[in-house]
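Peer 1: What follows is a structure written as structure tokens; I'll ask about it next.
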Amino acid sequence: MPDKGCYEKQCCFNQALPFTKLHKEMADRNLECGNVQMRTLNMIGEEGLYTNLALLLSDQCEHTLKIAVFQGTDDVIFRNHQEFSGSLLTQLEDGYNFIDKNIAVKSTIEGLRREDVRDYPLAAVREALLNAIIHRDYSFTGSTLVNIYDDRIEFVSLGGLVSGLSMEAVMMGVSQSRNANLANVFYRLKLVENHGTGIKRIRDLYKDCLKQAVFESATGAFRTTIFNLNFKCNIEKNRLFSAECRIRNSNEICREQKSYHT
């Protein structure tokens, strides 16, 4: 088994790798992506062979992203689910779009103005998904997971924290990337603003919310949970609607009884 901490630096067994998505993303940003640039990015190692970093960014990446949408607040009933493959760049884009399509917008009307509030800050969704993809341990073959419930979204990545780094240190803003070269590619593509600021940004987005974002680490896994900003409102609205229905039904029964007796 390869050294987990060095996975991205290991020589890739497959040396016939296509890079359609990577080349497109680089070209869109006016960046070159030839052998010289791939060496600089450590996609090509000292032996002149592709590394596992190149595999992750290639169209033949062996790892996948699985997203499931559940009914309610547990994982009993599926509403929808999909598995995304290809380059990690493709998985990021397709996964983000899938999540966006499966989260709602709550609209309120005041006078002539309508205010739309998304269930989740899209910036928090973006950061959580980026963190799950960039910082997971790719020496594990399992998929990166995103589970969407009515009240929350969970992002689960394999690997847990980097050895020697505690959750307390992470909450203090300390950062140590497991995949420094992969993070650097995402930085070059302007997909991340700076290394190690994702968790802080998510926490800031939820600091004034009733339920704060939650970050948990276990042996071999890391989970980020962000909560539906509109969920409590939805529960209250449903409760009031049910109460109105009961009152309406009760009134109808009373009218029917009165009509019957007369």
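The values are calculated or read from the model by the stated rules, or taken from the named source; none is laboratory data. These figures come from a predicted structure and were not determined experimentally. Positions of Cβ are generated from backbone atoms using ideal geometry, with glycine treated the same way; all protein chains shown enter the neighbour counts. Note: areas computed on protein heavy atoms with side chains; ligands, DNA, RNA excluded. Shrake-Rupley method; radii C 1.70, N 1.55, O 1.52, S 1.80 Å.
Peer 1: Take the alpha carbon gyration tensor of the stretch 32-77, find the square roots of its eigenvalues, order them as a ≥ b ≥ c, and report rounded if a/c is under 1.5; if not, report prolate when a/b exceeds b/c, else oblate.
Peer 2: Judged from the Cα gyration tensor, the stretch 32-77 comes out prolate (a/c at least 1.5, a/b above b/c).
Peer 1: Between (1) 19.5, 66; (2) 23.6, 98; (3) 26.3, 100, which entry matches Rg and Dmax of the Cα atoms in Å as derived from the coordinates of this structure?
Peer 2: Only one option fits the structure, namely (2).
Peer 1: Moving to a separate point now. Identify, among LEU31, GLN176, LEU205, the residue whose Cα sits farthest towards the positive end of the charge dipole of the chain, taking +1 on the Cβ of Lys and Arg and -1 on the Cβ of Asp and Glu, with the dipole about the Cα centre.
Peer 2: So the residue we want is LEU205.
Peer 1: How high is the FRET efficiency between GLU32 and GLN10 when r is their beta carbon distance and R₀ equals 25 Å, given to the nearest 0.05?
Peer 2: Plugging the Cβ-Cβ distance into 1/(1 + (r/R0)^6) gives 0.50.
Peer 1: Return the Rg/Rh ratio of the stretch 142-229 with Cα-based radii and a Kirkwood Rh.
Peer 2: Using only Cα positions, Rg/Rh for the stretch 142-229 is 0.96.
Peer 1: Now, a different point. Give, as a single signed number, the net charge of other residues whose beta carbon lies under 15 Å from the beta carbon of PHE215, with Lys and Arg counted +1 and Asp and Glu -1.
Peer 2: Local charge sum for PHE215: +3.
Peer 1: Here is a further query. Do any of LYS101/LYS200; LYS24/LYS207; LYS106/LYS207; LYS101/LYS211; LYS21/LYS207; LYS24/LYS106 go past 27 Å between their Cα atoms, and which?
Peer 2: LYS24/LYS207; LYS21/LYS207; LYS24/LYS106
Peer 1: Label points 7 Å out from Cα along the Cβ direction at LYS101 and GLN60: separation in nm?
Peer 2: So the label points at LYS101 and GLN60 sit 2.9 nm apart.
Peer 1: Moving to a separate point now. How much net charge surrounds ILE44 when only other residues with a Cβ under 15 Å from its Cβ are counted (Lys, Arg +1; Asp, Glu -1)?
Peer 2: -2
Peer 1: Could you give me the radius of gyration and the Dmax of the stretch 28-138, taking only the C-alpha atoms into account and expressing both in angstrom?
Peer 2: 19.1, 68
Peer 1: Subtract the Cα-Cα distance of LYS232 and ILE109 from 0.36 nm times their separation in residues, and report this length gain in nm to one decimal.
Peer 2: Once the chain is fully extended between LYS232 and ILE109, it gains 42.5 nm.
Peer 1: Give me the accessible area per residue for the stretch 108-204, probe 1.4 Å, as a whole number in Å².
Peer 2: 49 Å²
Peer 1: How many angstrom lie between the Cα centre of the stretch 6-38 and the Cα centre of the stretch 85-112?
Peer 2: Each part reduced to its Cα centre gives a spacing of 27 Å.
Peer 1: Something else: Quick one: helix 231-261 against the long Cα principal axis of the chain, what's the angle to the nearest 10°, folded into 0 to 90?
Peer 2: 20 degrees
Peer 1: Continuing with the same structure: Using Cα pairs under 8 angstrom and six or more residues apart, how large is the relative contact order of the stretch 37-173, in percent?
Peer 2: 22 percent
Peer 1: A further question on this structure: Would you mind telling me which residue in VAL146, VAL170, VAL156 has the biggest mean-square fluctuation in a Gaussian network model of the chain, where springs connect alpha carbons within a distance under 10 angstrom?
Peer 2: Looking only at VAL146, VAL170, VAL156, the biggest GNM fluctuation is shown by VAL170.
Peer 1: Highest mean first, how do 210-218, 36-44 rank when packing is the count of other Cβ atoms within 10 Å averaged over residues?
Peer 2: Packing order, densest peptide first, comes out as 36-44, 210-218.
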